[in-house]
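K.L.:
One structure is given below, represented as structure tokens, and several questions about it will come after.
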Amino acid sequence: MLSTLLTVIVGGLDELLLDGSGPVYGVFFLLISAVCALWVRPADVFTSAVSVPLAFTIGLLLISDGGGSFGSHVMALFSALSSNAVWLYGGTLLALLIATMRKAALLWQ
């Protein structure tokens, strides 16, 4: 929930202020992924690696340039996902790495 809220805020501000800059959104997504993986309660630590890609896609809806029809919005979203895939994979990997480290630390206590 936190990651979705933050990506929507960042995506909206990115669209308003920077006209939908992909790298700016990507850098903030990396920060959001780390915060989400650190913030989640210990019982749900691996859900952060699942929820951040979904949050990325929801926030990306705001910065993808679609036309007026539903089909053009879907195509713009798929294009934005493919052009920003490195940020998506990086954020997911970062969240998974932090979640794994947190889970290992919990098991060793």
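K.L.:
Do we find a residue being loosely packed, with under 12 Cβ neighbours inside 10 Å, without any contact (Cβ under 8 Å) to a residue 24 or more places away in the chain and hydrophobic (A, V, I, L, M, F, W, C) anywhere in region 49-65?
P.N.:
To start, the set of residues in region 49-65 that are loosely packed, with under 12 Cβ neighbours inside 10 Å comprises none.
No, there is no match, as no residue in region 49-65 is loosely packed, with under 12 Cβ neighbours inside 10 Å, without any contact (Cβ under 8 Å) to a residue 24 or more places away in the chain and hydrophobic (A, V, I, L, M, F, W, C).
K.L.:
Just to be sure I understand, how many residues within region 1-55 are in a helix (DSSP H, G or I), out of contact with any Cys (no Cβ under 9 Å at 6 or more places or on another chain), farther than 18 Å from residue 102 by Cα and hydrophobic (A, V, I, L, M, F, W, C)?
P.N.:
13
K.L.:
Working only within region 69-109, note down all residues that are assigned to a loop (DSSP other than H, G, I, E, B) and either open to solvent by 50 Å² or more (accessible area, probe 1.4 Å) or of a type in the set (A, V, I, L, M) (or both). Spell out how you get there, then give the answer.
P.N.:
Applying the first criterion (assigned to a loop (DSSP other than H, G, I, E, B)) to region 69-109 yields 69, 84, 108-109.
Matches in region 69-109: 69, 108, 109.
K.L.:
With respect to residue 78, is the statement that it is more than 25 Å from residue 104 (Cα to Cα), out of contact with any strand residue (DSSP E or B) (no Cβ under 7 Å at 6 or more places or on another chain) and among the aromatic types (Phe, Trp, Tyr) true? Explain how you work it out, then say what you get.
P.N.:
Numbers: more than 25 Å from residue 104 (Cα to Cα): yes; out of contact with any strand residue (DSSP E or B) (no Cβ under 7 Å at 6 or more places or on another chain): yes; among the aromatic types (Phe, Trp, Tyr): yes.
Yes: the conditions hold for residue 78.
K.L.:
I'm checking my understanding of the structure. Among residues of region 20-44 that are hydrophobic (A, V, I, L, M, F, W, C) and crowded, with 21+ Cβ neighbours inside 10 Å, which one is nearest to the chain's Cα centre (by Cα)?
P.N.:
Narrowing region 20-44 to residues hydrophobic (A, V, I, L, M, F, W, C): 24, 27-32, 34-40, 43.
From what's left, crowded, with 21+ Cβ neighbours inside 10 Å: 29, 32, 36-37, 40.
Numbers: 29: 5, 32: 7, 36: 10, 37: 12, 40: 15 Å.
Filtering first and then ranking leaves 29.
The values are calculated or read from the model by the stated rules, or taken from the named source; none is laboratory data. A quick note: this is a predicted structure, and the numbers were derived from the prediction, not measured. Cβ coordinates were reconstructed from backbone atoms using ideal geometry, including for glycine residues, and neighbour counts include every protein chain displayed. Note: accessible area is taken over every heavy atom of the protein model, side chains too, but ligands, DNA and RNA are not part of it. Shrake-Rupley method; radii C 1.70, N 1.55, O 1.52, S 1.80 Å.
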